[in-house]
1. Could you grab the pairs with beta carbons closer than 9 Å, sequence gap of 6+ or different chains, first residue in segment 90-108 and farther than 15 Å from Ala163 by Cα, second one within 16 Å of the ligand (Cβ to nearest atom) and open to solvent by 30 Å² or more (accessible area, probe 1.4 Å)?
2. I need the full set of residues from segment 111-121 which are open to solvent by 10 Å² or more (accessible area, probe 1.4 Å) and either of a type in the set (Lys, Arg) or more than 23 Å from Ala149 (Cβ to Cβ) (or both), in order please.
3. Which of the following residues is within 16 Å of the ligand (Cβ to nearest atom) and open to solvent by 60 Å² or more (accessible area, probe 1.4 Å): Glu12, Glu86, Glu108?
4. So if I check each of Met170, Met237, which one is under 21 Å from Ser104 (Cβ atoms) and in contact with a His (Cβ under 9 Å, 6 or more places away or on another chain)?
5. Report those strands (runs of 3 or more DSSP E) wholly inside segment 93-202 carrying at least 1 residues which are within 16 Å of Thr59 (Cβ to Cβ).
6. Among (1) more than 11 Å from the ligand (Cβ to nearest atom); (2) in contact with an Asp or Glu (Cβ under 6 Å, 6 or more places away or on another chain), where does His62 come up short?
7. For Thr305, all conditions in the list (1) surrounded by fewer than 20 Cβ atoms within 10 Å (Cβ to Cβ); (2) more than 14 Å from the ligand (Cβ to nearest atom); (3) of a type in the set (S, T, N, Q) hold save one; what is the number of the exception?
8. Counting only residues that are within 13 Å of the ligand (Cβ to nearest atom) and surrounded by fewer than 20 Cβ atoms within 10 Å (Cβ to Cβ), how many does segment 96-105 have?
Amino acid sequence: VLDGYASFYEMELQQSPSAFYDTVAALMTTDHQAVVDQLSIDPYELQRIRKVVIIGCGTSYHAGLVGRYLIEHLARIPVEVDVASEYRYRDPILDADTLVVGISQSGESLETITALRECVASGARTIAITNVIGSQLSRVADGVLYTRAGPEISVASTKTHLAQVGALGMLAIYLGELKGVLYPDEASRRRQELIAMAELLRATLDRQSQWRAGIGDYLSREHFFFIGRNLLYPVAMEGALKMKELSYIAAEAYPAGELKHGPIAMLDEQAVVVALLGDDRLHEKMLGNIEEVRARGATILAVATDGDAGPDELADIVLRVPKSEALWSPLLMVLPLQVMAGWMAQARGYDLDKPRNLAKTVTVE
Ligand code: F6R
């Protein structure tokens, strides 16, 4: 039936590279200039932006958290990220120099729509990032960046998350260019880098049988921690969310440095710690954090890049992803986590496409 896949979840996960590619390609010309006709916000107005606020729910919120690092790094604009249902009730401080980005795959999550509508009323500039043309969110916002992931049927989001991060990357580069943080040639190099990630996404997904070897022992475990730092922390959050919603087990995400401030007390031989080890300036610190959890007897499942010998002696198992520019590594690191969450649910005999208690689109508050 589904192209040979047993579930939409597996099929859609496999479609991530094209969802990502199509999204990013539509936002640039063939010579890597920005295509912004759907933003509907004057570039001069965007140049004036002094704060960006990103709101969304669930997986879209996690994409927003990755987006924060991208925008702060590439455009040097301070970014706030909040879940839509919280942001709205914070009595937000907004003005015309604030850009609010509402992210929603469906474009129909009520909380994101109502929060964004209030931002419009407060005079902020607004952009929707959504996968559905003509959705409510796209109509509320001043401008739209569409993700072009195609329909997503599985309740748990996979490919749309990659597409959202791609769209946020393109927005970050554009804002960086407008702000003069990136010279035009740097901006086009960044766009080239970003679109080239589609190939690496494909190469990463081709490693599933490699990952599967050795992981079988852990699929029945009941208690998982996900740790990461910097832009891999939101990836840890997304990994934990996927596992919770598909396998109904306790999975918590922590910034690796925060473990010792409390949650480390929970660790024992029963726990599996999934450690996301980036190829970046925090690599050594992260290894130190892995040593801390190892000393508590926890099983360590590291996700690391090719050629990184750091986790070899420390981890019980290492899932490898290709090397990439550290800034774009969240795109690759999330894939083994999405895949693993699917395997865990399958091992328990659960429906991958329709987890219990969940709806694809949440239209109540
Ligand atoms: C998780 C998941 C949900 C959605 C959330 C927001 O896999 O699918 O957490 O991400 O309900 O939905 P959208 O993006 O449609 O607003």
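The values are calculated or read from the model by the stated rules, or taken from the named source; none is laboratory data. Note that the structure is predicted; figures quoted are calculated from it, not measured. Backbone-built Cβ (ideal geometry, glycine too); neighbour counts: all protein chains shown. We work out accessible area using only protein heavy atoms, side chains counted, and drop any ligands, DNA or RNA first. Shrake-Rupley method; radii C 1.70, N 1.55, O 1.52, S 1.80 Å.
1. Glu108/Val132; Glu108/Gln136; Glu108/Thr361; Glu108/Val362; Glu108/Thr363
2. Thr114, Arg117, Glu118, Val120, Ala121
3. Details: Glu12 fails: open to solvent by 60 Å² or more (accessible area, probe 1.4 Å); Glu108 fails: open to solvent by 60 Å² or more (accessible area, probe 1.4 Å).
Just one listed residue meets the conditions, Glu86.
4. Among Met170, Met237, only Met237 is under 21 Å from Ser104 (Cβ atoms) and in contact with a His (Cβ under 9 Å, 6 or more places away or on another chain).
5. 98-104, 125-130
6. It fails just one condition, (1).
7. (1)
8. Result for segment 96-105: 0.
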